[in-house]
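The numbers here are math on the coordinates, done by the rules we state, and not lab data. Since the structure is predicted, the reported quantities are computational estimates derived from the model, not experimental observations. As a convention, Cβ positions derive from the backbone with ideal geometry for all residues, glycine included, and neighbour counts pool all protein chains shown.
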């Protein structure tokens, strides 16, 4: 598989987590962490379910990936997430030394990978490679459907 | 007590957490969360001990504060932390809707409250009031001593 094919493959795994979030009536965002071309951690947004401000999909997946790899540094790992990370989550990806961050839909209101601003414009001590727009239609559509349904209630 | 006296009082509580981190041989940073002029959560940096990239003092204190208050929004709460928050932690403070963020030492290499850059320069959906420099000498000194000791080893 090419890198692009791998990114699509793993984004489908992240999307599966986003669908799980939707079933929990959470803003449907999902994430997986890979290492050596395998999924080593997966999580969805559980902010309402766990009543926890930091329980975005990315933070929960990163916590699990650190457990699996046995350390706080995750070199060689990629974070896949269906929505562009917010400053908290992109900051976490920098802190965890991810090699790559791959996201689906762009978030112009809060995204820290170029949507609202680019955290990597600043000289932080680590800069993951970032790729956006992978399966962006499907990643956006699940969010649009969720908010449309919320407004109708 | 004036607000400034309260800030000094609660920063001493955050410093007690930083000293606890030093005893664990962690980068000595501590945080507390207050509500109604009471400490409702406290934590220190445990990144090495828990082998977890997101276990900064602020994230752990915010998780605990959400548990105590029973929701992911923490309006009326203040986050006290001995070192200027990194992008992850300042992003978390925004996500949790803190009323105020009060820090001690400035971090020119990674601080997201003006040290390296100011996250609040961007039109995020919530902007806590921020105050820096509270007990900054003591908050800096414990970090300086830690790193000096590390280099000597």
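Suppose we keep only residues that are within 16 Å of residue A:28 (Cα to Cα) and in a loop (DSSP other than H, G, I, E, B) within the range A:105-129. Which one would you say is farthest from the other protein chains (Cβ to nearest Cβ)? Explain how you work it out, then say what you get.
Residues of the range A:105-129 that are within 16 Å of residue A:28 (Cα to Cα), as a first pass: A:105-107, A:110-111.
Filter once more, so that each one left must be in a loop (DSSP other than H, G, I, E, B): A:106-107, A:110-111.
Working: A:106: 15, A:107: 11, A:110: 6, A:111: 10 Å.
Looking at the filtered set, the residue picked out is A:106.
Among (1) touching a residue at least 40 places away in the same chain (Cβ under 8 Å); (2) away from chain B (no Cβ under 14 Å); (3) under 10 Å from the mean Cα position of the chain (by Cα), which single condition is residue A:34 missing?
Unmet condition: (3).
Of all residues being surrounded by 19 or more Cβ atoms within 10 Å (Cβ to Cβ) and touching a strand residue (DSSP E or B) at 6+ places or on another chain (Cβ under 7 Å) in the range B:128-153, which is farthest from residue B:82 (Cα to Cα)? Just the residue, please. Even if it seems obvious, please write down each step before you answer.
Within the range B:128-153, the first condition is being surrounded by 19 or more Cβ atoms within 10 Å (Cβ to Cβ), and the residues that meet it are B:128, B:130, B:134-135, B:139, B:142-143.
After this cut, where a residue has to be touching a strand residue (DSSP E or B) at 6+ places or on another chain (Cβ under 7 Å) as well, the list is B:128, B:130, B:134-135, B:139, B:143.
Working: B:128: 17, B:130: 13, B:134: 8, B:135: 8, B:139: 5, B:143: 10 Å.
Looking at the filtered set, the residue picked out is B:128.
Could you list all residues from the range A:4-25 that are over 15 Å from residue A:104 (Cα atoms) and surrounded by fewer than 21 Cβ atoms within 10 Å (Cβ to Cβ)?
Here is the first cut: in the range A:4-25, the residues over 15 Å from residue A:104 (Cα atoms) are A:20-25.
Result: A:20, A:22, A:23, A:24, A:25.
Pick from A:91, A:71, A:76: which is facing another protein chain (nearest Cβ under 7 Å) and surrounded by fewer than 24 Cβ atoms within 10 Å (Cβ to Cβ)? Break it down into steps so the answer makes sense when it comes.
Values: A:91 fails: surrounded by fewer than 24 Cβ atoms within 10 Å (Cβ to Cβ); A:76 fails: facing another protein chain (nearest Cβ under 7 Å).
Answer to the check: A:71.
Inspect the range A:49-58 for any residue being away from chain B (no Cβ under 11 Å) and out of contact with any helix residue (DSSP H, G or I) (no Cβ under 8 Å at 6 or more places or on another chain) and give the result as yes or no.
Here is the first cut: in the range A:49-58, the residues away from chain B (no Cβ under 11 Å) are A:57.
Next, from what is left, pick out any that are out of contact with any helix residue (DSSP H, G or I) (no Cβ under 8 Å at 6 or more places or on another chain): none.
Taking every residue of the range A:49-58 in turn, none turns out to be away from chain B (no Cβ under 11 Å) and out of contact with any helix residue (DSSP H, G or I) (no Cβ under 8 Å at 6 or more places or on another chain).
In the range A:98-112, how many residues are within 23 Å of residue B:113 (Cβ to Cβ) and surrounded by fewer than 24 Cβ atoms within 10 Å (Cβ to Cβ)?
Going residue by residue through the range A:98-112, those that are within 23 Å of residue B:113 (Cβ to Cβ) are A:107, A:109-112.
Among the residues that remain, those that are also surrounded by fewer than 24 Cβ atoms within 10 Å (Cβ to Cβ) are: A:107, A:109-111.
Residues that pass the stated criteria total 4.
More than 10 Å from every other protein chain (Cβ to nearest Cβ), buried (at least 22 other Cβ atoms within 10 Å of the Cβ) and touching a strand residue (DSSP E or B) at 6+ places or on another chain (Cβ under 7 Å): does that describe residue A:65? Can you show your working first?
Working: more than 10 Å from every other protein chain (Cβ to nearest Cβ): no; buried (at least 22 other Cβ atoms within 10 Å of the Cβ): yes; touching a strand residue (DSSP E or B) at 6+ places or on another chain (Cβ under 7 Å): yes.
For residue A:65, the condition - more than 10 Å from every other protein chain (Cβ to nearest Cβ), buried (at least 22 other Cβ atoms within 10 Å of the Cβ) and touching a strand residue (DSSP E or B) at 6+ places or on another chain (Cβ under 7 Å) - is not met.
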